[in-house]
1. Assess whether ILE34 counts as being of a type outside the set (Lys, Arg) and at pLDDT 80 or above.
2. For the range 36-63, what are the residues that are among the aromatic types (Phe, Trp, Tyr) and loosely packed, with under 12 Cβ neighbours inside 10 Å?
3. What pairs can you find where one residue is in the range 50-76 and within 21 Å of TYR107 (Cα to Cα), the other is of a type in the set (Phe, Trp, Tyr) and outside any helix (DSSP H, G or I), and their Cβ atoms are less than 9 Å apart, with a gap of 6+ or different chains?
4. Based on this model, can you work out whether ILE66 counts as at pLDDT 80 or above and surrounded by 12 or more Cβ atoms within 10 Å (Cβ to Cβ)?
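The values are calculated or read from the model by the stated rules, or taken from the named source; none is laboratory data. Because the structure is predicted, anything quoted here is derived from the model rather than measured. Cβ placement follows ideal geometry from the backbone for every residue including glycine, while neighbour counts extend to all protein chains displayed.
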Amino acid sequence: MRQGIGIIVGSSILILANLMSLGDPTFPYRIIIILGLLFSIIYGFFEYKEYYNQIAYSLILAVFLIIIWTLYFIQPFSPKVDEMIYRLETWIITLMLLGLSLGVFIYWRKKSETSK
């Protein structure tokens with residue numbers, strides 16, 4: 001059941017984030033939050049299928065980070081958005097994704113060593 005937790009939690013929070021942003025479609029943090037939650041769903045699929053390919057996982061992470069940082073630089077700021085909070089959130093999401101990936105790689109390595 002542990003494998004499905006990432007998919008269930010990520011999907012639930014993704015749905016809630018989308019519902020919250022329906023009230024204000026110009027909510028600037030929406031895309032970054034959605035990408036972060038999609039990444040947790042992808043991790044859940046990797047665990048569910050027991051597919052421990054670090055190269056594929058790293059490529060997906062790189063694509064997500066490129067999209068997040070591209071949006072960071074090209075998305076215009078509206079007057080109701082605090083630019084400092086937006087920058088802080090972008091850095092926090094980036095560090096969380098990198099930390100999660102590092103933890104996943106360590107977990108996968110331990111799991112493959114114990115299965116031998």
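1. Working: of a type outside the set (Lys, Arg): yes; at pLDDT 80 or above: no.
No; evaluated as a whole, the condition is false for this residue.
2. Of all residues in the range 36-63, those among the aromatic types (Phe, Trp, Tyr) come to 39, 43, 45-46, 48, 51-52, 57.
Result: TYR51, single match.
3. Note: pairs meeting the criteria are TYR57/TYR51.
4. Details: at pLDDT 80 or above: yes; surrounded by 12 or more Cβ atoms within 10 Å (Cβ to Cβ): no.
So ILE66 does not fit the description; no.
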